[in-house]
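This report refers to the structure that appears directly beneath it.
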Amino acid sequence: MSEYHDIIGREAEKMLEYVETGTTDSAESSFEVPAAAYTDPEIFAREKSEIFLKMPLLAALSAEIPNPGDYKAMELVGKPILITRKSDGTVAAMYNVCTHRGMMLTPEGHGSKKRFSCPYHAWTFGNDGKLIGVAEPQKFGPICKEERNLTALPVAEAGGIIWVCLTQGLEFDIEKHLDGMLADLEVYDLASWHFCGQRRIYGPNWKIAYDGYLEGYHFAAAHPETIHPRSFSNIMHFTAFGPHMRVGYPQNRIKEALGALPRETWGEHENEGYDFVRTIFPNVSIFFAPEITQIAQLIPSETPDKNITNLMFLRRDPPKDDTDAASIEGMMDWLRDVVNDEDYGVGLQVQKGLESGAVKSVIFGRNERGNQYFHKYVDYLLGGTTNAAPPEL
Ligand code: FES
Ligand SMILES: [Fe+2]
């Protein structure tokens, strides 16, 4: 058994213990977060500049652009970006902005082509960002082509995910950034999976939305018919890797499921008696499941009260036939509806509640340990007073 599975096995054992003793992983005390953290435009602007524009962000899944020539164009935190897979198989990231007069080079979406022709005056660019041709160059006059390549962004591919930093020249070390979370991603070998599609939903402040992935305290009340039939409410296990977290959620059948397996194999049976939500700071959550895997990407919108969420779906194997493909579509819709109607349904009301000025702070209990850690980390990165060093879980 690998060291990784050994650790997962111990976490499964811990979850079983919590279930049997009616306890949960617990922080030392409760923790308050000012309501303004979810509503204040200045705090929101600092979160964008200090976190979202400085840290590596998930821009695409490797499986979205598996072949040379494939690309994805999207908006990320208000910036139009283009991710491509070049002929040598490596990836490039750049602004999706023509260097002639600033037109969006290609519409949002996926496709495959080796060169991009700007819809405004037909300048062409290679998928490595190089300016290939100026339309009617004799009339245009001389220009330095090298200075008019697309604006590149720092990029790395690791763990089946393509990471981009939205600040030009701000290079990053993705292994260091992902820390122990990289092992989780690598065990799953996501790059070889099949990208099924995505759904987009609109929700409240990005931290209200993220809070929902970090606790199962709300399962019984907010998800009585969808998640609660599978998982216990208010029993969680937390592991942190830097700002990222693996949050364990025991299933209602954990005793039977693990009881039927030799103890030394428990770690190899995620989804059989226990599940995890993995969060990758600042805005990704991953839920692996054999039927379908959901990767949620929360993108802050223009104002503090809104986020755009892309729910991306992967499966190990492509659909076998039309029936299988239809069932995948059905599962994606179902998961979208759960997050949209239940989590974001609550979240939008929370947003209103906090904006009313009714409460000065929200309070996270000892059980809401993951949320405490997340908010302390955000505060630390904004130069706040919570901690002089990154908080420990
Ligand atoms: S703006 Fe792109 S070719 Fe003119
Ligand atoms: Fe939820």
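Applying the condition of being polar (S, T, N, Q) and either within 19 Å of Ala60 (Cα to Cα) or part of a loop (DSSP other than H, G, I, E, B) (or both) to segment 96-121 and asking which residue is farthest from ligand 1 (Cβ to nearest atom) yields Ser112. Here the strands (runs of 3 or more DSSP E) wholly within segment 223-285 that include at least 1 residues being within 16 Å of ligand 2 (Cβ to nearest atom) and farther than 20 Å from Pro390 by Cβ are 244-250, 274-280. Within segment 29-52, the set of residues being surrounded by fewer than 16 Cβ atoms within 10 Å (Cβ to Cβ) and touching a Phe, Trp or Tyr at 6+ places or on another chain (Cβ under 9 Å) comprises Ser30, Glu32.
Restricting attention to segment 14-44, the residues that are of a type outside the set (Asp, Glu) and farther than 23 Å from Ala358 by Cα add up to 12. Where helices (runs of 4 or more DSSP H) sit wholly within segment 122-213, those with at least 1 residues that are within 16 Å of ligand 1 (Cβ to nearest atom), out of contact with any Asp or Glu (no Cβ under 7 Å at 6 or more places or on another chain) and farther than 30 Å from Leu354 by Cβ occupy 137-140. Residue count for segment 115-146, restricted to those that are among the acidic types (Asp, Glu) and without any contact (Cβ under 8 Å) to a residue 40 or more places away in the chain: 2. Filtering Ile174, Ile208 for residues that are at pLDDT 95 or above and within 16 Å of ligand 2 (Cβ to nearest atom) leaves a single hit, Ile208.
Conditions tested, residue by residue: (1) within 16 Å of ligand 2 (Cβ to nearest atom); (2) outside the structural domain of His218 (by TED's automatic domain parsing); (3) surrounded by fewer than 18 Cβ atoms within 10 Å (Cβ to Cβ); (4) more than 30 Å from Thr24 (Cα to Cα).
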residue: Arg315; (1), (2), (3), (4): no, no, no, yes
residue: Asp321; (1), (2), (3), (4): no, no, yes, yes
residue: Leu348; (1), (2), (3), (4): yes, no, no, no
residue: Phe364; (1), (2), (3), (4): yes, no, no, no
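Ile295 falls short on exactly one of the conditions (1) part of a loop (DSSP other than H, G, I, E, B); (2) within 21 Å of the chain's Cα centre (by Cα); (3) at pLDDT 95 or above, and that condition is (1).
The values are calculated or read from the model by the stated rules, or taken from the named source; none is laboratory data. Everything numeric in this text was worked out from a predicted model, so none of it was measured. Here the Cβ is made from the backbone with ideal geometry for all residues, glycine too, and neighbour counts use every protein chain on show.
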